[in-house]
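Here is the structure we will look at, set down as structure tokens.
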Amino acid sequence: MDDKLIFTTGKDCRECGTVVRIKPRAAVCITDLMQRTGKSAAEIASDMIEFAYQHCEVQK
């Protein structure tokens, strides 16, 4: 299982219209990744959510 989400620089992305509210600490992380990769916040957050979804387990 891959335990890292790897971003590469220079890819184009498409923005979407969905708004997601995040905590300030998460915003700092996304801003840092935006500066380091050149990707949009939407693309970074979407990739993170998809990765988390694929690697999570729901327990009752």
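The values are calculated or read from the model by the stated rules, or taken from the named source; none is laboratory data. Note that the structure is predicted; figures quoted are calculated from it, not measured. All accessible areas refer to the heavy atoms of the entire protein, side chains included, with ligands and DNA or RNA removed. Shrake-Rupley method; radii C 1.70, N 1.55, O 1.52, S 1.80 Å.
Within the range 32-58, the residues that satisfy the criterion of being over 18 Å from T18 (Cα atoms) and β-branched (V, I, T) are T37, V58. May I ask you to verify whether C56 is open to solvent by 60 Å² or more (accessible area, probe 1.4 Å) and assigned to a loop (DSSP other than H, G, I, E, B)? When the stated conditions are applied, C56 passes them.
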